[in-house]
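Data block below; observations after.
The values are calculated or read from the model by the stated rules, or taken from the named source; none is laboratory data. Note that the structure is a prediction, hence the values are computed from the model and not measured. Quick reminder, even Gly has a Cβ in these numbers, built from the backbone with ideal geometry, and neighbours come from all protein chains shown. What goes into the accessible areas is simple: the full protein's heavy atoms, side chains included, and nothing from ligands, DNA or RNA. Shrake-Rupley method; radii C 1.70, N 1.55, O 1.52, S 1.80 Å.
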Amino acid sequence: MEFVAQTLNEIVATLRPLTVDWKDETARQVIERLHEFPIREAYRAEDVKAVLEDGFGDGMLICRLFLGFSKDQFTSELKAALPEGGIGVTRFRSDPSTFIGALVRIGLLEAMAEVTNRAPHWSDVLTERLRSGRGSAIAGQRRGRDVEDFAEAIVRRIFGNQFQMRCNFSGPRGRAAKCDFAIPTKSAPRILIEAKGYGATGSKMTDIIGDIEKIITAKRPDTAFLFFTDGLTWKERKSDMRKIDEYQNTDAITRIYTHAMADRFEADLMQLRTEYRLL
């Protein structure tokens with residue numbers, strides 16, 4: 001084969017859009033069922049049961065579409081609403097009333113009534129495209145920012161303005177790493193805090209392992225490192241959370257917190273303020 005030196009411009013000039021049909025067989029089946037879906041002012045548990053018995057896989061997708069949940073959010077919400085035992089067809093068939101009760105508790109009946117009785121408008125199509133595209137990305141950003149804001153309120157209550165946010169802190173031997181909070185300063189931190197929230201599984205939940213390891217490597221051994229997080233999707237990524245917990249158990253991370261542990265987070269910060277004489 002003859003060697004040819006290709007140029008970037010030549011390659012770029014040959015690129016074309018990859019246009020595909022998004023409708024697979026599942027989508028076509030679900031759309032057909034939605035066209036035949038009964039419209040009522042209010043729905044009951046029996047209506048949900050009928051949806052699931054008419055094809056469990058497609059029925060679960062229909063439930064998720066009514067709720068407007070991503071697959072990850074739907075899985076997390078349903079698992080949280082159900083006792084231990086899975087959320088598949090076997091679980092549904094073994095105890096349909098409990099299974100349907102969980103769907104009811106996460107708001108399915110109200111969502112079905114609201115969607116089927118809504119007066120259609122052409123803008124609904126564009127609104128849904130906005131929600132599923134840009135809106136999905138924004139929701140992910142806001143989950144993380146809400147966790148940061150929650151942690152910041154507590155940090156500010158205890159330390160006033162004696163901290164720096166979203167910065168590169170300096171450690172010994174010229175090492176540095178990014179963190180969400182460095183107290184009292186990024187140049188000489190005594191307390192480091194990383195705050196992350198998740199509503200969907202994905203690479204970002206694995207990336208945080210690397211971020212945590214960089215902080216552990218860069219910080220002084222006597223610098224407290226606190227990790228504040230939340231989100232039901234951690235239940236789907238227990239392997240990642242297990243790695244973080246191992247760092248806590250070996251004292252590389254001082255403590256892990258969630259919103260439910262906010263009082264403990266505040267109490268520990270107050271204790272650290274005294275121990276490090278950050279008054």
Query raised in the report: When only C-alpha pairs under 8 Å and at least 6 residues apart count, what is the relative contact order of the chain, in percent?
Result: 14
Report task. Using only Cα atoms, find the angle between the long axis of helix 96-105 and the longest principal axis of the chain, and express it within 0 to 90 degrees, rounded to the nearest 10. Result -> 60
Query raised in the report: Using alpha carbon coordinates only, what is the Rg to Rh ratio of the chain, with Rh defined as the Kirkwood radius?
Result: 1.09
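Please give me the summed charge of the neighbours of residue 29: other residues whose Cβ is under 14 Å from its Cβ, Lys and Arg +1, Asp and Glu -1.
Working: positive: 23, 28, 33; negative: 24, 25, 32, 36, 54, 58.
Spelling it out: positives minus negatives among the neighbours equals -3.
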Query - Rounded percent of accessible protein surface that carbon and sulfur make up, the chain, 1.4 Å probe - result: 52
**Report entry** Cα long-axis angle, helix 71-81 against the chain (0 to 90 degrees, to the nearest 10)
**Finding:** 90
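At 1.4 Å probe radius, can you tell me the per residue accessible area of the chain in Å²? Spell out each step's value before the answer.
Values: 17350 Å² over 279 residues.
So the chain comes to 62 Å² accessible per residue, rounded to a whole number.
So what is the 222 nm mean residue ellipticity for the chain from helices alone, if each DSSP H run of at least 4 adds -39500 (n - 2.57) and you divide by all residues, rounding to the nearest 500 deg cm²/dmol? Please list the in-between numbers first.
Values: 13 runs with 148 residues, N = 279.
Taking each H run of at least 4 residues, the total per residue is -16000 deg cm²/dmol.
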Query raised in the report: Rg and Dmax of region 81-197, using alpha carbons, in Å: what are they?
Result: 22.9, 65
Query raised in the report: Between residue 107 and residues 5 or more places away or on another chain, which pairs have amide H atoms under 5 Å apart, with H built 1.01 Å from N, and which residues are they?
Result: none
Requested in this report: Could you tell me how many degrees, from 0 to 90 and to the nearest 10, lie between the Cα long axis of helix 203-218 and the main elongation axis, the longest principal axis, of the Cα atoms of the chain?
Outcome: 10
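Want the number for residue 146 to residue 46: 0.36 nm per residue separation, take away the alpha-carbon distance, what's left?
Working: separation 100, 0.36 × 100 = 36.00 nm, distance 3.76 nm.
Net length gain for the segment: 32.2 nm.
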Report summary line: region 164-243, Kirkwood Rh and Cα Rg, ratio Rg/Rh at 1.00
Query raised in the report: Of the cross-linked pairs 79/235; 79/196; 23/235; 178/219; 79/243; 214/243, which ones have a Cα-Cα span greater than 19 Å in the structure shown?
Result: 79/196; 23/235; 79/243
